[in-house]
Structures are given as C-alpha cells and as structure tokens.
1. Under the rule of -39500 (n - 2.57) per DSSP H run of 4 or more residues, summed and divided by the residues of the chain, what mean residue ellipticity at 222 nm is obtained, to the nearest 500 deg cm²/dmol?
2. Label-point separation (nm) for Glu147 and Tyr69, each offset 7 Å from Cα along Cα-to-Cβ?
3. In segment 1-81, what GluC sites (Glu not before Pro) fall in a loop by DSSP, with at most 12 other Cβ atoms inside 10 Å?
4. Looking at the chain, identify the longest residue range that excludes and avoids all trypsin sites (Lys or Arg not before Pro) in DSSP loops having at most 16 other Cβ atoms within 10 Å.
5. Could you pull the Rg and Dmax for segment 123-186, using just the Cα atoms, both in Å?
6. Provide, as a two-decimal number, the C-alpha radius of gyration of segment 66-187 over 2.2 N^0.38 Å, N being how many residues it has.
7. Roughly what % of Cα-Cα distances in segment 99-158 sit above 13 Å, to the whole percent?
8. Evaluate E = 1/(1 + (r/R0)^6) for Asn39 and Asp3, where r is the Cβ-Cβ distance and R0 equals 22 Å; express this FRET efficiency to the nearest 0.05.
Amino acid sequence: MIDFSQPADAVAPQLLGCLITHNGVTVRLTEVEAYTGANDPAAHTHRGKTARNEAMFGPGGTLYVYLSYGIHLNGNIVCAPEGQGQGCLMRGGEIIEGETLARSRRQKPERKRIPFANLARGPGNLGQALGLSLEDNGTPVTLTEREAEPEWVAGPRIGISKNADAPLRFWIPNAPTVSTPRGRPKL
C-alpha cells in the first residue's frame, strides 16, 4: 500500500503501473515526475503556500490540479506530510477503460484520429483524457495499486527550466505512452 506521507521522490516510482480512475476513464500510469517542495525550485510550492497551490499542502492522496500555460489542466497526486507542499505530476499513461470517453475529450472532429498511445501521453493530454477540472483540486484520488512493480527508470524532468537535471522523472521503459524525449536514466 502506498504511504502518501512519504516524500514525492519515494512515492513517484510506486505510482508507476497504478490505475487512476476519474470521471469515467481509467489510466495506468507510465510516467510521473516528483516535485519536492521548498527545496525544489521547479515546484509550485517552492516559495510557500498561495491560493493557487494550497491543495498541494493538503493531505496525501489528494489531487492538485492547475492550469498550465492557460491551456492544459495538469494533475498532481499530493504526498509527503501535510503542509510540506510535495506532489507527483501525472505525466503519461495508458487508457485502460473509457477510451471512447477519453477520445471524445481529446479528439477534435477536424483533425486526424489521435493514435491510442497519444491519448494520455503528456500531462495536459492525460488531464484532458481524465476530464480533470479545477473543481477537482483537493479531492481524493481514486487509485488502484499495481499488482507487481514494473521495471522503471529515473532521469531528468522535461518541460521545465529550473532544477531540470534532477533525476525526478520516473517512467516505464519502452512504454509507448511515455513523453518524449525518453532520455537516458541517471546513474
């Protein structure tokens, strides 16, 4: 059983292979990033609690949902002791149930069909497939733990400018739903 009172870098690899169910769609997580709070300049919580990031300081096992670039709703699973502001960004996953619903949220009629592997690849796409909204901020996550630990690797986070080289991105190697670049693991 995942202990969400652990730091984000300990919880993140435990999330790989787990199932997240939200608004009629179930996703198997294949990629996550840890954000470790006050000591992590890339974390939304690095400078303390604000109205925007307040949910990240809440109890472990809840959602922190935020709008990225004014376009994408991204979701983190809050962890570490309450008040520390740590969480794991859900970066990528495989749709297990609810593909038709996920596709209706993601597919624009005028565009060619989105490949299955891309439906929840990337944090904004995953958030859209799950139907995340800002109203989900602070609500408990519905998680089914994995039956066995998958092989996983860690490497630098992507899509950020601060503390990007920290090996706080975790993914299942060769999973087609992992964001590119897949990179090489830090040794």
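The values are calculated or read from the model by the stated rules, or taken from the named source; none is laboratory data. Values in this document were obtained by computation on a predicted structure and should not be read as measured data. Here Cβ is always computed from backbone atoms with ideal geometry, including for glycine, and neighbour counts include all displayed protein chains. Heads up: the accessible areas ignore ligands, DNA and RNA and are worked out on the full protein's heavy atoms, side chains in. Shrake-Rupley method; radii C 1.70, N 1.55, O 1.52, S 1.80 Å.
1. Taken over the chain, the calculation gives -3500 deg cm²/dmol.
2. Each label point lies 7 Å from its Cα, and together they span 3.8 nm.
3. Hits after loop and neighbour filter: nothing returned.
4. Working: sites that count: Arg47, Lys49, Arg52, Arg111, Lys112, Arg113, Arg146, Lys162, Arg182, Lys186.
The longest such stretch corresponds to 53-110.
5. Taking only Cα atoms of segment 123-186, I get Rg and Dmax of 14.1, 37 Å.
6. Details: Rg = 15.1 Å, N = 122, 2.2 N^0.38 = 13.7 Å.
Its radius of gyration relative to the 2.2 N^0.38 Å reference: 1.11.
7. The calculated P(r) of segment 99-158 puts 73 percent of pairs beyond 13 Å.
8. On the way: r = 20 Å, r/R0 = 0.92.
Taking R0 as 22 Å, the efficiency between Asn39 and Asp3 is 0.60.
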